[in-house]
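The values are calculated or read from the model by the stated rules, or taken from the named source; none is laboratory data. Values in this document were obtained by computation on a predicted structure and should not be read as measured data. Cβ: placed from backbone, ideal geometry, glycine included. Neighbour counts: every protein chain shown.
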Amino acid sequence: MTTTLPEIPAELREDLHSLYRHLHGAPELSMQEHATAELIRARMEALGCETFVCGGTGVVAVMRNGEGPVVGFRADTDALPVAEDTGLDYASTARGVLPDGTEVPVMHACGHDTHITSAIGAATLLAGDREAWAGTVVFLFQPGEETAEGALAMLRDGLWDRAPRPEIVYGQHVWPGRAGQVEITSGPAMAMADGWKVTVRGRGGHGSRPEDTIDPVVLAAHMVVRIQSIVSREIPAQQAAVITIASFHAGLKENIIPAVAEFTVNVRNLDTDVREQVLAALRRVIGAEALASGAPEPRIDEIYTFPLLVNDPAETEALRGVLGAALGEENVLDRPAQMGSEDFGHLPDAIGVPGVYWFFGGMSDEAVDGEAPVPTNHSPFFAPVLEPTLSTGVTAAVSAILSRVGNR
């Protein structure tokens, strides 16, 4: 389908810049996006959308325009426990409280503020040119992507019983590529991920009498080191797997051997069989090291699971042409499968429709072409340039939607 894309008027562009700066300076942690949800509802209702809260702090906004196809478009809304260090005049100084009661700084370090802004921009263009399209667009402003809670929370809250069911669901994500360009993957695009918290139980005591203890620090350290050999020595080199241990906590004083040590494990795979092999090896190593030290069996708590994100090949190829027409073919790049993870796939998978998910760049030419490392998502220095980042996000979103509902 070919259609004429609406221009982004200067007044709308300035409005979106203002909206983005506000969102960036007022981030909220996963599943706590209350003010963000209120702002989204107000903006979308002003455009004539029917809205409802879904999944706690998620917002569904339905834009109807007569008979025609139904299309879903998802934008995630949560921020991260990161202290911003960008130096921007609209940088976040917000603080939040994690589920365990810990107070933390909060930052939109993964660019979800650009996702919200782009979706609202696309909705504004559609609302302003209803003669150019016919059908229904279901905007899904999803909470809790960073913790893999949000998509499932919306589904459990009856998302597809309460909203029109789309024939396809689109989504996009900013990343540290060149602003003005998009990247897309056909087939498996983003990895499955599993997060575990491992509680290693020993026997505490005085640091002067280690023989009377079972030192969980030493035991957990052996586990951490041994775990690093799983990928290099048990997984074929032709297959992808990543294991990361990024937190380790034990003890309160230098001369007290604690009774407990804790660490977290993050596992990523692009293949279900490899995932099962890695998870089984993790349990084996953790249990065997405890047994070797005469310690009780460790406790393993599953923190989250992200699904494999698969872009429908036929729909991806069709969208590649649409994005090329909108942004220039030279600005639509092939992207290899990534070991990063997303819960977007739950939304189309739940109703058996295709999903397509792409990335748009957020960095200036100077940053991309310079010698200094470009700050990545989740960095305290991650700061997409406003333009052409936001215009690209809006254009990509509205072009994808109009490819299904636009008048022929």
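Annotations for the structure displayed:
- Any hit, segment 344-362, residues being under 22 Å from Ala122 (Cα atoms) and surrounded by fewer than 18 Cβ atoms within 10 Å (Cβ to Cβ): no
- Test: residue in segment 386-397 that is charged (D, E, K, R), at pLDDT below 95 and more than 30 Å from Leu159 (Cβ to Cβ): no
- Residue pairs meeting the criteria (Cβ under 8 Å; at least 6 apart or on separate chains; first of a type in the set (A, V, I, L, M, F, W, C), in segment 123-136; second at pLDDT below 95 and in a strand (DSSP E or B)): Ala132/Gly406; Trp133/Gly406
Residue-by-condition table, conditions (1) at pLDDT 95 or above; (2) within 33 Å of the chain's Cα centre (by Cα); (3) assigned by TED's automatic domain parsing to the domain that holds Val353:
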residue	(1), (2), (3)
Phe248	yes, yes, no
Ile256	yes, no, no
Glu262	yes, yes, no
Asp271	no, yes, no
Glu276	yes, yes, no
Ala281	yes, yes, no
Pro296	yes, no, no
Asp301	yes, yes, no
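- Selected residue [of a type in the set (Asp, Glu), in contact with a Pro (Cβ under 6 Å, 6 or more places away or on another chain) and touching a residue at least 12 places away in the same chain (Cβ under 8 Å)] from Glu342, Glu315, Glu302: Glu315
- Residue in segment 243-255 that is in contact (Cβ under 8 Å) with a residue 60 or more places away in the chain and of a type in the set (Lys, Arg) present: no
- If you check Thr57, Thr4, Thr51 for being in contact with a helix residue (DSSP H, G or I) (Cβ under 8 Å, 6 or more places away or on another chain) and at pLDDT below 95, only one passes: Thr4.
- Residue match in segment 255-270 (condition: surrounded by 15 or more Cβ atoms within 10 Å (Cβ to Cβ), assigned to a helix (DSSP H, G or I) and among the charged types (D, E, K, R)): no
- Val71 vs. criteria surrounded by fewer than 20 Cβ atoms within 10 Å (Cβ to Cβ), of a type outside the set (Ser, Thr, Tyr), assigned to a strand (DSSP E or B) and touching a helix residue (DSSP H, G or I) at 6+ places or on another chain (Cβ under 8 Å): no
- The test for being under 19 Å from the mean Cα position of the chain (by Cα), exposed (fewer than 15 other Cβ atoms within 10 Å of the Cβ), farther than 23 Å from Thr51 by Cβ and touching a residue at least 12 places away in the same chain (Cβ under 8 Å) does not hold for Leu88.
- Within segment 136-163, the set of residues being small (Gly, Ala, Ser) and surrounded by fewer than 23 Cβ atoms within 10 Å (Cβ to Cβ) comprises Ala148, Ala153, Gly158, Ala163.
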